[in-house]
1. Which cross-chain or sequence-distant (5 or more) residues have an amide H under 5 Å from the amide H of residue 85, H modelled 1.01 Å from N in plane?
2. What accessible area per residue comes out for segment 1-89, rounded to a whole number of Å², with a 1.4 Å probe?
3. Any idea how far apart residue 29 and residue 5 come out in nm if each label point goes 7 Å out from Cα toward Cβ?
4. In nm, give the distance between the simple-model label positions of residue 118 and residue 45, each being 7 Å from the Cα along the Cα-to-Cβ direction.
5. Over segment 18-148, what relative contact order in percent results from Cα pairs under 8 Å that are six or more residues apart?
6. Highest mean first, how do 65-77, 92-104 rank when packing is the count of other Cβ atoms within 10 Å averaged over residues?
7. Given 5 Å bins starting at zero, what is the percent of C-alpha pairs of segment 62-119 in each, up to the one with the largest pair distance?
Amino acid sequence: SWPREFQAGTRYEGLVQLSDLFSLAKAASGEPECRDGIDVRKALAGKAAGRDVAYGFTSDPGSLNFRMMVLQDGWKYIFHANGGGELLFQLEADPREAKNLGVEEPRRLEAMRQLAIRKLESHPTGRLALQAEVLKTYPRTHLPLTRCYQMNRWRKVRGFPERPGEVAPGSFDYQTWVKGK
């Protein structure tokens with residue numbers, strides 16, 4: 001809600017990602033700046049183009065756990081470096097992403113893959129995820145099933161279990177930890 005900028009109930013149906021929210025926060029502070037995002041305010045007002053494609057990735061480019069996602073025109077492409085798996089979903093027909101259409105839609109799969117490659121070529125560390133101009137893959141490696149504790153990735157959080165996988169179920173109370181830090 002931003003009563004001075006937008007009427008209540010204003011919606012933007014285009015693609016928005018986290019980098020776009022930075023521009024909103026900066027504008028609210030009185031110092032507009034977009035950096036890597038689009039200006040959502042101008043897009044809402046019809047004064048600027050929106051985003052045609054949204055990208056996201058997890059883990060370091062070039063690593064075994066690297067995964068990348070591309071959204072365009074209602075299609076979602078996902079690449080996994082671990083095993084080189086690819087998924088393709090048509091989100092309007094399959095919003096729960098239950099049916100991989102990669103085999104049925106080879107041209108769309110290739111087009112989405114090329115979007116991923118072009119984005120990685122222009123990203124500061126993205127080239128690490130490429131090998132001979134294709135997406136770098138690793139032989140399928142079974143990884144241990146563990147919980148993901150992203151908050152403690154850089155060891156900045158005190159009191160968080162050193163080895164969360166070794167904590168007995170039910171013995172660590174997250175709510176108490178949050179209130180107690």
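The values are calculated or read from the model by the stated rules, or taken from the named source; none is laboratory data. Keep in mind it's a predicted model, so treat the numbers as computed, not measured. As a convention, Cβ positions derive from the backbone with ideal geometry for all residues, glycine included, and neighbour counts pool all protein chains shown. Heavy atoms of the whole protein, side chains included, go into the accessibility calculation; ligands, DNA and RNA do not. Shrake-Rupley method; radii C 1.70, N 1.55, O 1.52, S 1.80 Å.
1. It is 80, by chain and number.
2. Here the residues of segment 1-89 average 59 Å² of exposed surface.
3. Taking the two extended label points, one gets 1.3 nm.
4. Computed distance between label sites residue 118 and residue 45 equals 2.9 nm.
5. The normalised contact order for segment 18-148 reaches 17 percent.
6. Going by the mean number of other Cβ atoms within 10 Å, highest first, we get 65-77, 92-104.
7. Here the calculated profile for segment 62-119 is 4, 20, 31, 26, 14, 5, 0.
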